[in-house]
Amino acid sequence: MHLKLGKSDKKLEADKQQPLKYAADIEDALDATGFGKYNFGLLLVCSWTLQAMGMDLFGTSFVVAAAVCDLNLSMQQRALLTATPLIGVVLGAQLWGYVSDTKGRRLTLMLSMSVGFVFAALSSFAPNWEIMALLKLASSTFTSASNSGAYTLLGESCSRRARGRSMLLCTCALMCSQATVAVFAYPILPLNFAYPINFLGIIYRPWRLLALVMATPCLATACLLQLFHESPKFLLSRGQHEEALEVLKKIYACNTGKSPENFPVRKLIDDSEETACEESILKAMWQQTTALFRPPLLKVTLKLFYLVTIVYMTGSGFILWLPYIMNNLFSVLESGGGSGMNLCTVLRHSADSTIVVGNGTVIQEVCNDTIQETTLLSAMSYGALASSANLVLSLTCGSRKRLAMLFIIILSAMAAVLLNVVAVPIAGGIFFFIFLLCALSMGILSVYFVELYPTSLRGMASCLSVMLGRSSAFLGVNAIGALISANCEATFYAWSVLLLSAAVFAWYLPKDKKPNQ
């Protein structure tokens, strides 16, 4: 007699037939947790954390442009105030790398984003540009911890199969951070209100409200992170085997809907040679840093750090010039000019424009703090383009990171040449957008920093890369203006050569492995 099993009976039978894996290393244990609600929720929160940091760093350019009259900013002060958050990233990167590797990824993110919110919110009440610069320096120093911490927490909580795609998806939020600021700025900046705050000696205008709104995601992400667990890899590296196993069980239960006791791993095997010891902070930071520049990690570090320098100098350096370039482009197009001009010719034409009165030339020095609608729309368009490209990249190139990076860098180098060669202004603007897509490589580099370094050095390596990257971006932002003014075409040709050299370094990165390897 044959008995037909019901769905519940089949499930019980399947659970009985599934062998319990009593001991496994951390990677096999993470694979056993699967990918479900927990990982998806963590992906969203880490993405929002990165976006909050990006808004704190890159959104300043919109606030400064609207505050130029209230704060009586010269061009040099405006440039310095816009680039100040990049200095904060450099100052805080190594310290946050140490804190992340010794105190935990989750704790580091909650602390840094909470304090960063306070300083960012206070910057909206700054009476002068010097105070605002100091407050933005402090806020970016704290929020910069998410640049490595969010990637590391996400990467160390995912299975190997989902790790690459998850981290690339996380980059989408960072790519569209400036576009998100533009979305907030679109309804806020046109508002017409002015409330005097006498004891501070300021007038509260829309740009101050925008600065306050930009700070709120930092607080929101700090609160949401309390719903998630510490990285099980970090706990294991600190010798907390039972705590790591409990976290894995909870992730498994959240992803599958089953009881934590059904988790097939009963014991974690710590196959690393890492030991947790209490040392002075400076000595520990020095040992972590020097370990990156000794064999067997030396070659990997040099390759990745060179790529970080070029990618951040290009992506983060030129993105802060996007409003300037797009404003000049659209102003020439709206005036009916630009025929037969490449992008650099358009910039020169806009810079040389003067107002002629009678037989003499009169330069009217009128303070203008209005951000044109086209500037905001162009930032939104770039954010949509970059996010869409990164989404396609994350869904199709999870196991082909090296080839994807080569394609992105070479495409960006070609765009740098074409925006000089093609004498059509709107085409130059499109090629400039494609040139900026070099920033897509940032997410791929973050995956490499998670995969190629041991757990005890991963946070330090990531934070040092951020420190190097933002230093390169800071130098790039200041150099780009002078170079474009001196010889615009030569600047983009030189940048294409730099990008091609980065492609050579990317070629010698470790070859991609299939997920089951």
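The values are calculated or read from the model by the stated rules, or taken from the named source; none is laboratory data. The model shown is predicted, which means the values in this text are computed figures rather than measured ones. Glycine gets a Cβ as well: all are built from the backbone with ideal geometry, and neighbour counts include every protein chain shown. Surface accessibility is based on the protein's heavy atoms, side chains included, excluding ligands, DNA and RNA. Shrake-Rupley method; radii C 1.70, N 1.55, O 1.52, S 1.80 Å.
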Measuring from label point to label point, each 7 Å out along Cα→Cβ, what is the Gln77 to Glu242 span in nm? 6.1
Measure out, as a whole number of angstrom, how far apart the alpha-carbon centroids of segment 470-498 and segment 310-329 sit. 10
Determine ³J(HN,Hα), in whole Hz, for all residues of segment 306-319 in sequence, where each value follows from phi through the Karplus function 6.51 cos²θ - 1.76 cosθ + 1.60 and θ = phi - 60°; x replaces Gly and Pro. 5, 4, 4, 4, 5, 5, 6, 4, 7, x, 7, x, 7, 5
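With a 1.4 Å probe and all protein chains left in place, how much of the accessible area of the chain comes from carbon and sulfur atoms, in whole percent? Don't jump to the answer; show the numbers that get you there.
Working: 14650 of 23040 Å².
That fraction is 64 percent.
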Cα centroid distance between segment 447-469 and segment 118-184, in Å? 17
What Kirkwood radius, in Å to one decimal, follows from the Cα pairs of the chain? 24.5
Name the residues whose placed amide hydrogens come within less than 5 Å of the amide hydrogen of Ile203, ignoring near sequence neighbours (fewer than 5 apart) on the same chain. Ile197
Whole number in Å², please: accessible area per residue of segment 76-233, 1.4 Å probe, ligands, DNA and RNA not counted. 36
Under the helix-only model (-39500 (n - 2.57) for each DSSP H run of 4 or more, divided by the residues of the chain), the mean residue ellipticity at 222 nm, to 500 deg cm²/dmol, is -23500 deg cm²/dmol
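Compute the whole-percent fraction of alpha carbon pairs in segment 103-210 spaced more than 24 Å apart.
Working: 2377 of 5778 pairs.
The share of Cα pairs beyond 24 Å in segment 103-210 comes to 41 percent.
Counting Lys and Arg as +1 and Asp and Glu as -1, what is the net charge of the other residues whose Cβ lies under 15 Å from the Cβ of Ile87?
Working: positive: Lys136, Arg470; negative: Asp56, Glu130.
Residues near Ile87 contribute 0 overall.
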Would you work out the charge dipole size for the chain about its Cα centre, treating the Cβ of every Lys and Arg as +1 and the Cβ of every Asp and Glu as -1, and quote it to the nearest 20 debye? 1360
With a probe of 1.4 Å, find how much accessible area segment 387-517 has per residue, and write the answer as a whole number in Å². 39
Computed over the chain: longest principal axis from alpha-carbon atoms vs helix 455-507 long axis, angle to nearest 10 degrees, is 20
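Given Cα pairs under 8 Å that are at least 6 residues apart, what percent is the relative contact order of segment 365-517? Spell out each step's value before the answer.
Details: 93 pairs, mean separation 54.1, N = 153.
It comes to 35 percent, rounded to a whole number.
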Once you treat every alpha carbon in segment 386-462 as an equal point and sum by Debye, what is log10 I(q)/I(0) at q = 0.20 Å⁻¹? -0.87
Given Lys303/Lys511; Lys250/Lys401; Lys103/Lys283; Lys303/Lys401; Lys299/Lys511, the pairs whose alpha carbons are separated by over 19 Å: Lys250/Lys401
Of Pro196, Leu209, Leu169, which is farthest towards the positive pole of segment 160-263's charge dipole, taken about the Cα centre with +1 and -1 on the beta-carbons of Lys, Arg and Asp, Glu respectively? Leu169
